[in-house]
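Some notes on the structure that comes next.
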Amino acid sequence: MHLPLSPGVYIMHNKHDEIIYIGKAKALRNRVSQYFGSQNTHPEKVRKMVQNAAYFEYILTGSEYEALVLECSLIKQHMPKYNILLKDEKGYHYVKISKEPYPLISAENKVNEDGALYLGPYVSSYAVRQAVDEVQKAFKLHNCKRHFPQDFKKGRPCLNFHINQCMAPCRGCIPQELYTGLVNEAVRFLKGGSADLLKSLEAQMLAASERLEFEQAARIRDRIKAIKKISERQKVVMAKIEEQDIIALAQSTNGVCFEVFRFQGGRLCDRESFLLSEIDEKPCARREFIRSYYQMRSPVPPRIALDGEVEDKELLSRWLGELSGRRVEISIPQKGEQAKLVEMCRENAAEHLAHARSETGKNIEALDELGEALGIAPPEYIESYDISNTAGSENVAGMVVFENGKPLKSAYRRFKIKGFEGQDDYASMREVITRRLDEYEKNKESGKGFGRLPDLILLDGGKGHVAAIAPILKGRGCEIPLFGMVKDSKHKTRAIALEGGEIAISNKRKVFTLVASIQEEVHRFAIAYHRQRRSSTTISTTLRNIEGIGEARASALLKHFKTIAKIKAATVEELASVKSMTEVAAQKVFDFYAGER
């Protein structure tokens with residue numbers, strides 16, 4: 001490998017000339033050669049990356065630090081597949097006080113024109129959710145989706161009433177004036193903190209006592225205690241260091257989670273979790289995470305505490321210092337308060353990872369909300385379809401299945417469009433759905449795979465796709481709910497389509513997340529099959545350039561040997577043993593690749 005022993009950046013390309021990884025090295029030859037040592041010592045992610053690498057290119061730099069700066073810039077520009085790339089899903093967040101006789105205080109991520117009072121915007125979703133939870137408990141306000149007084153006495157009080165965390169207006173015995181007064185106090189607490197409100201409540205408690213209204217005084221006293229308890233709880237996660245971030249990771253066989261605790265004024269003010277499927281070695285992963293995180297987050301604090309070793313610690317500190325305009329220290333605490341905070345951060349990463357890998361309750365909620373939005377029962381078994389082609393060539397479709405809100409990959413299916421040539425997405429979708437229903441008739445006794453009808457079909461497309469498919473379902477007597485998934489100009493999920501128009505889902509976060517993940521997955525699956533077909537066609541064309549090898553023999557060779565490399569390595573006898581091949585044709589193929597062998 002003719003690489004210099006100089007610092008620089010190396011860039012991996014796959015066979016399609018796409019950049020798949022960008023790294024930096026103190027000595028390029030040594031670093032790059034490590035990838036081609038014993039593959040057993042590399043993590044799975046690195047093995048896959050090396051298998052997909054077709055060639056390298058490199059850029060020399062004057063120093064290792066210059067290489068780090070260039071690496072960060074190139075990764076941000078090209079977003080390579082095998083580098084750690086974090087999605088910035090953070091937006092503005094609000095506290096909403098609904099406009100109704102018995103208002104509901106809730107956390108929201110957008111302002112709707114519904115007449116409600118919105119406090120904010122706030123950057124931290126964590127702080128908003130925490131504040132809403134605290135005022136609901138301190139002032140014993142309801143957090144259910146019932147609307148009062150319409151829903152008075154339509155059900156029993158929930159657990160919150162029995163554990164003294166809600167006064168349960170659902171019982172129909174709480175005066176509206178009293179409840180409105182509590183909501184106003186809660187809003188005052190959210191706007192100005194506890195100090196002024198406590199003074200006001202203490203004055204009200206004394207006045208009630210003087211009027212011999214001891215019940216009222218006792219209620220106010222309890223409220224004062226609850227607010228003081230909140231203030232004490234807020235001091236639990238404190239640090240002597242005023243401003244810092246703490247970063248820790250948890251890893252399991254199913255994935256990785258990075259957790260970030262952000263401290264301002266010595267108090268935990270925000271936290272974030274990032275789930276990743278695979279990482280390199282932990283020191284390298286920490287370096288890549290820090291690089292990616294602080295390219296999308298500001299400000300960079302003067303101190304970052306980690307749960308383990310990190311590659312290029314001094315170089316990272318220098319780079320972060322230039323980003324922030326001040327000195328940045330990276331530490332790995334071993335004892336004392338800081339070590340305890342790091343351990344707490346790691347425990348939260350582990351908890352988030354465990355929760356994310358089960359997600360049962362979350363998925364059930366999303367499916368319930370989806371069913372409600374579409375006017376159907378919660379769909380346990382969802383099939384989704386997408387068409388992929390290039391100007392009508394290699395026209396294919398992908399079908400993905402989500403069961404209980406999770407991908408069921410064993411039920412995924414691929415379709416090659418056979419009924420016509422050219423580009424017609426509606427006709428392609430009609431052919432796919434027709435073939436799928438034909439397979440159901442053949443396999444319905446099994447009740448598995450194609451022998452099971454879905455509770456919902458989602459097409460990657462708008463109302464035109466729905467209108468094209470609806471008559472097929474109706475003609476077969478299949479009462480399967482059918483909808484489309486509409487994208488915006490940036491190819492992001494926007495709404496759900498039906499024959500008569502669209503259903504907005506942007507204000508239904510769980511539904512939006514589920515539908516967006518289904519749309520992304522079916523699009524990925526269809527495109528992957530399309531690319532595979534194009535690649536096979538290219539190889540088949542190469543074989544057909546050999547004298548005596550037509551389409552049938554080319555297909556037979558590919559089916560038997562799987563790859564062009566194995567065909568090149570085969571003997572004349574092995575080639576001749578393939579169905580439809582003769583010794584003469586086998587000799588032609590053998591001779592064609594003689595120079596490459």
Check: the chain dipole with +1 on Lys, Arg Cβ and -1 on Asp, Glu Cβ, in debye: 540 debye
Net charge, D425 excluded, C-beta distance under 13 Å - Lys, Arg +1, Asp, Glu -1: -3
Global geometry of the chain, whether rounded, prolate or oblate, following the gyration tensor of its Cα atoms and the 1.5 cut on a/c: oblate
Highest average packing first - 275-288, 312-325, Cβ atoms within 10 Å: 275-288, 312-325
Efficiency of FRET between E66 and E583 - r from beta-carbon atoms, R0 51 angstrom, step 0.05: 0.25
Proxy reagent accessibility, fewest Cβ within 10 Å first, across Y92, Y10: Y92, Y10
Among 157-163, 551-557, 569-575, the order from most to least packed when residues are scored by Cβ within 10 Å on average: 551-557, 569-575, 157-163
Local net charge near I84, Cβ-Cβ under 13 Å (Lys/Arg +1, Asp/Glu -1): +2
Length-normalised contact order for region 545-592 - Cα pairs under 8 Å, 6+ apart - percent: 42 percent
Neighbour-count ranking [beta-carbon atoms within 10 angstrom, fewest first] of M485, M581: M581, M485
Peptides 396-405, 58-67, 204-213 ordered by average Cβ neighbours within 10 Å, highest first: 396-405, 58-67, 204-213
The chain, relative contact order in percent, only Cα pairs under 8 angstrom and at least six apart counted: 7 percent
Residue order, fewest to most beta carbons within 10 Å, for C257, C173, C478: C173, C478, C257
Zone residues, region 1-29, relative to M79, backbone N less than 16 Å from point 7 Å out along Cα-to-Cβ: 18-22
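Laboratory data are not the source of any read-out in this text; all were calculated from the coordinates shown. Computed from a predicted structure; not experimentally measured. Quick reminder, even Gly has a Cβ in these numbers, built from the backbone with ideal geometry, and neighbours come from all protein chains shown.
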